[in-house]
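This report refers to the structure that appears directly beneath it.
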Amino acid sequence: MELHHELKVRFGFDEFRPGQEGVIRSILQRNDTLAILPTGMGKSLCYQLPGEMQDGLVLIVSPLVSLMEDQVASIRRRGEKRVAAVNSFLSSEQRKYIFDEIHKIKFLFISPEMISRPDMTNFLMRLPISILVVDEAHCISQWGFDFRPDYLRLGEFIRLAGNPPILALTATADARVEADIIHYLRMSNPNVIRQSLDRPNLTYTVQQLETEADKTTWLKERLKRTKGPGIIYVASRKRAEELTRVLQQEGIAIASYHAGKEAGDRNIIQQQFLTGEISWICATNAFGMGVHKDDIRQVIHDQMPASAAAYVQEAGRAGRDGERSSAVLLYVMDDEQKVRFIVQKDLPDEPQVHHFAAMRASGQSIESSAELAGISETGSRVVQYYLESLSLEDVLKTFTKLKYDKEEKLRQMIAYVQERTCLRVQLLSYFDETSQTKPDMCCSVCGTANDEWLLSSESLGNRRRLLQWEERIRLLLC
Amino acid sequence: MKLSSIILKIAEKMDGQRSLNASLHVLRGKRSGQTLQDIDYFSVKPYFSLLPKLADETFAEAVSSLQHEGLIKESEGIVTVTEKGKRTEKELRVFHFDGWNYRGREGIFYLRLVLLVQTLSQLRESRNSFHPITNDRKIQQFVKGLLRSLTGSIHNSASNLADELLLAFEMTGISDLQASILSHRLTGADASGWTWEQLEEATSEPVASLQLEYLEALHRLIAVSESEDVAEKLPILHKLAHGIRIETPLTDSTAITKRLFDQGVSIEEIASTRRLKVNTIEDHISEIAANDRDFPILRFVNREDQLAVKMEVENNDVKRLRLLKDKFPHLSYFQLRLILSTMKGEHV
Ligand SMILES: [Zn+2]
């Protein structure tokens, strides 16, 4: 079996990207495989190619509907039409259609909450599954930055489905997350294939400032002087709106993006960013997954994220085309307090857990119990999951542990901004990696974060003009 | 266009008879017997369910601006329109909403249109791979089906759609501003749509006002497109408008109640079979009454009572339920509501 030949014939590529070949060979030998590949390194090829080469259904568990739809669309675009997605947004009619036509489907995407529904489990476990793919597998770990309790139920499904070969995919996993993935997915003697997270074309900068207002001033100057496309990550919707307004007044072509915006506007903004009609997006962490823009030159964080893993993921959206790009983190002294508050607010404390358990015991719904106990929606899902499988005492212990862990994660970010160690070396060390080579433009600590190459005033100026309506319609269609 | 102007129009219709909340319920499209009867009785159906997500604060803000300008007054929970208010209302232009028949479904029409324009615009540039402006599967399937039904080249279809839009915009009688909003919310190959904020900046009209203009324009565009007379002149738009208008004005739950009611089942029995409160079933019955000219009101009220209430309403112009209840203490609110609902039919 000539893999390169298959790659060329089926996908038209001459070469594998780093890491892909090892993963594909491992899967073809029906080994459980954990692949830790940086974002933008073509994770989906790792199941698409072996899926095409083997009989049977490739079942892909994916955490976000938007992500799922994106992947379905991209598989369709390359001409593979035997693909479908099942999530809670489908009508029962559409779902039935997929069930009836399942023998025609090669790649089936499914959300974790759907897969653990009894009717779905019953249906799926009878199918010939060639590969069970768990995308964004770090979501299974409570140590990951994006824990989704629904993922924990996958283990049961895997057992019922007769232990098909598993391919767990993620961009970031430290040793503990890695151990969790292997444990909860019941992987046996897995091959762990880890591609370095190092991104030599990224230059890291930590910019310490005196006050919050200085951040705004700094961003104003930065965006006027340097080029995009770029993303500014902020901590709240309010900040996104305010900052965007200030920057627009400076003449910068920028728009804000967060979950509170109308869906129509969100799509339009993404489109404008992709076409280059706007140079910058000022966003909460709602922006990014499923956005394919390779030429992002800058990612600036107005506020530190809650963990190094999140930072690597978000900053890593810059420079996917391999060209030089810049990742800047702004920092003022009391930032960690704010982030600590945001991070801990989803974790209920002891009285809240007691209250929640008591409400549930008295027959209240999850939603109203959470509301009465003052627990956030995310928090309530986590508590509910643990209460189902652990004693109240153990749940409390788990939460104490989680709190402690989140604090530890935050400390990584605090160390990142405060310590005088090479930023690249620090980021890699959180994932138990050592830096292989030091690029010429490494980081602000090394003193080599030279931005002169970024200088340009092209982000300025409104390239958009309101047209007469007749003219606009003709522009679109004639 | 201001929200306060719409509220003033509704208040003028319900002058001295209803509370502010009644207007809010109309705008949000509340499906209670009371509201369903109100919209019919006061002829404010066009505003029904116009803004299903209208926030309390937004409504309160608009109301307080009306009060501040001395256009409406509120006492003992009842809203009256002042003389100045009446003059102002007369000077307002006529609005062409059709909330009752579209109830928020205009958004589906618009998404279909946007995706179709985007697809044709991309295809005519020979770009077969692009990010669809909506991920909604139903919309995508609809547009795919529509594209398959188009004959001729992509270039032809695109320019046909352009011609249809140009013609339809003229036929609707919408303003230049409205045509401009509709056309700039569309997305093409190299010209993305405009966000509301961008439109606000370009037109100096606040977002809220633009969204109301857009809503009205969309209602008018659908009305033109769905008409059978234009099926030949506007074939693509006609297809896009398919299934947007609400076919059965009754809510799903009411429709179930109606089936049982038509079989002669009593309200109490319906309530116990359906495990719903009697109140709820009464709301359903009021909704049925408001939509059915031949409603068998005699099952609930005898002729004498009907006549007496009708006289009172017509002679003394009293439509407030509480006042009527004072006059006719032996009748229930439910009975009074039914009488009011069926009265409207007789006048037509
Ligand atoms: Zn360095």
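The values are calculated or read from the model by the stated rules, or taken from the named source; none is laboratory data. Just so it is clear, the structure is predicted and the values come from calculations on it, not from any experiment. Because the Cβ atoms are built from the backbone with ideal geometry, glycine has one as well, and the counts that use them run over all protein chains shown. Side chains are part of the model used for accessible areas, which takes the heavy atoms of the whole protein and leaves out ligands, DNA and RNA. Shrake-Rupley method; radii C 1.70, N 1.55, O 1.52, S 1.80 Å.
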- Could you tell me which of the residues A:SER456, A:SER362, A:SER380 is free of Cβ contacts under 8 Å to residues at least 40 places away in the same chain, open to solvent by less than 60 Å² (accessible area, probe 1.4 Å) and away from the ligand (no atom under 16 Å from the Cβ)? A:SER380
- Item | Qualifying positions in the stretch A:411-420 - more than 13 Å from A:THR205 (Cβ to Cβ) and either open to solvent by less than 30 Å² (accessible area, probe 1.4 Å) or more than 11 Å from the ligand (Cβ to nearest atom) (or both) | A:ARG411, A:GLN412, A:MET413, A:ILE414, A:ALA415, A:GLN418, A:GLU419
- Note on the structure: Of A:LEU402, A:LEU466, A:LEU477, A:LEU423, the only residue that is in contact with a Leu (Cβ under 9 Å, 6 or more places away or on another chain), open to solvent by less than 30 Å² (accessible area, probe 1.4 Å) and within 14 Å of chain B (Cβ to nearest Cβ) is A:LEU477
- B:GLU213 being under 30 Å from B:LYS30 (Cα atoms), within 14 Å of another protein chain (Cβ to nearest Cβ), open to solvent by less than 50 Å² (accessible area, probe 1.4 Å) and acidic (Asp, Glu): yes
- Query: For the stretch A:117-141, how many residues are of a type outside the set (A, V, I, L, M), buried (at least 18 other Cβ atoms within 10 Å of the Cβ) and outside any strand (DSSP E or B)?
  - Reply: 5
- Message: With the structure loaded, tell me whether A:LEU460 is over 28 Å from A:LEU247 (Cα atoms) and either aliphatic (A, V, I, L, M) or within 14 Å of chain B (Cβ to nearest Cβ) (or both) or whether it fails that test.
- Response: no
- Note on the structure: So, first residue facing chain A (nearest Cβ under 8 Å) in the stretch B:119-130, second residue among the hydrophobic types (A, V, I, L, M, F, W, C) and open to solvent by 50 Å² or more (accessible area, probe 1.4 Å), Cβ within less than 8 Å, six or more apart or across chains; the pairs are B:LEU120/B:ILE154; B:ARG124/B:ILE154
- Spot the failing condition for A:ASN450; the list is (1) within 30 Å of A:GLN248 (Cβ to Cβ); (2) away from the ligand (no atom under 14 Å from the Cβ); (3) surrounded by fewer than 19 Cβ atoms within 10 Å (Cβ to Cβ), and only one is missed. (2)
- Item | Criterion (closer than 19 Å to B:ILE108 by Cβ and within 14 Å of another protein chain (Cβ to nearest Cβ)) met by exactly one of B:THR203, B:THR195, B:THR187 | B:THR187
- Query: Hey, does the stretch B:277-285 have a residue that's hydroxyl-bearing (Ser, Thr, Tyr) and open to solvent by 70 Å² or more (accessible area, probe 1.4 Å)?
  - Reply: no
- Note on the structure: Among (1) at pLDDT 95 or above; (2) surrounded by fewer than 20 Cβ atoms within 10 Å (Cβ to Cβ); (3) not in a helix (DSSP H, G or I), B:LEU186 falls short only on (2)
- Take the residues in the stretch B:64-92 that are under 19 Å from B:LEU27 (Cα atoms) and not in a helix (DSSP H, G or I), then tell me which one is modelled with the lowest pLDDT. B:GLY77
- Test for A:TYR386: is it closer than 18 Å to A:SER307 by Cβ, of a type in the set (Ser, Thr, Tyr) and either more than 16 Å from the ligand (Cβ to nearest atom) or buried (at least 18 other Cβ atoms within 10 Å of the Cβ) (or both): no
- From the residues in the stretch A:428-443 that are touching a residue at least 40 places away in the same chain (Cβ under 8 Å) and within 15 Å of A:SER325 (Cβ to Cβ), which one is surrounded by the fewest Cβ atoms within 10 Å (Cβ to Cβ)? A:PRO439
- Message: As an exercise: evaluate B:ALA290 against (1) modelled with pLDDT under 85; (2) assigned to a helix (DSSP H, G or I); (3) open to solvent by 50 Å² or more (accessible area, probe 1.4 Å) and give the number of the one condition it does not meet.
- Response: (3)
- Query: Applying the selection to the stretch A:228-266, what residues are more than 14 Å from chain B (Cβ to nearest Cβ) and aromatic (Phe, Trp, Tyr)?
  - Reply: A:TYR233
